[in-house]
1. May I ask you to say which residue of THR62, THR3, THR24, THR54 is farther than 22 Å from ASP77 by Cβ and of a type in the set (S, T, N, Q)?
2. Here is a list of conditions, (1) touching a residue at least 12 places away in the same chain (Cβ under 8 Å); (2) over 10 Å from the mean Cα position of the chain (by Cα), and LYS55 meets all of them except one; can you say which number that is?
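No value in this document is a laboratory result; all are computed from the given coordinates. Nothing here was measured: the structure is a model prediction, and the numbers come from that model. Cβ placement follows ideal geometry from the backbone for every residue including glycine, while neighbour counts extend to all protein chains displayed.
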Amino acid sequence: MKTSVFLEKLQEELEEEQALTVDTNLKELESYDSISLLSIIAFVDENFEKTVDTKDFKDVETVSDLMKVIGNENFED
């Protein structure tokens, strides 16, 4: 998936008005909470056919960190 498409879809998933970048700190977003975490897990499963667990998010702070959890090989510029 193109990184730009991923960022747009993630922004929609989080219902965030501000455009996301790979450097966006997820924990600083008003829309980022336990419910959105579950939405992200479902989003990853649906779009990447990869199962991630909530414990995988303990070190995730930025969108870039999330991309590493999903697997950088799943993204292209």
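1. Testing whether each residue is farther than 22 Å from ASP77 by Cβ and of a type in the set (S, T, N, Q) leaves just THR54.
2. (1)
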